[in-house]
1. Could you tell me what a quarter of the Cα convex hull surface of the stretch 52-99 works out to, in nm² with one decimal place?
2. Excluding Glu79 itself, what net charge comes from residues whose Cβ is under 14 Å from its Cβ, given Lys and Arg +1 and Asp and Glu -1?
3. Which cross-chain or sequence-distant (5 or more) residues have an amide H under 5 Å from the amide H of Arg54, H modelled 1.01 Å from N in plane?
Amino acid sequence: MRQYAAPAASLLAVTAAVLGFHYGFQDQPRAEVPVVTRTVRAKARVQRTAAFSRVYVVQRGDSFSVIAAKTHTSVAALERLNPKVSPTGLRVGQHIRVK
């Protein structure tokens, strides 16, 4: 039993020193830094072509319902205008007709 007393005592002393050092630095008051955030509303990327049809460039996270809300149209209209486009297979950068 005596063979474990010295290592246990030194381990206890090191642990106490580390905890004292750690908590000694955390109790200092910190300067409050104001967090400023700015929300910028994303604009729909709509391009006009020569035939005056409106084309939307698909962005990350877009679905037909999100595109319909951004371009003020309906999902049914998007499906009707883009019969070859799968609503679940949209790719970033893909051009779809919106009107």
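1. That works out to 3.0 nm².
2. Surrounding charge for Glu79 is +4.
3. HN-HN under 5 Å from Arg54: Val98, Lys99.
Taken together, the values in this text are just the output of simple stated rules run on the coordinates, not laboratory data. The structure presented is a predicted model; accordingly, all values stated were derived computationally and were not measured. Counting neighbours? That spans all protein chains shown, and the Cβs are built from the backbone with ideal geometry, glycine included.
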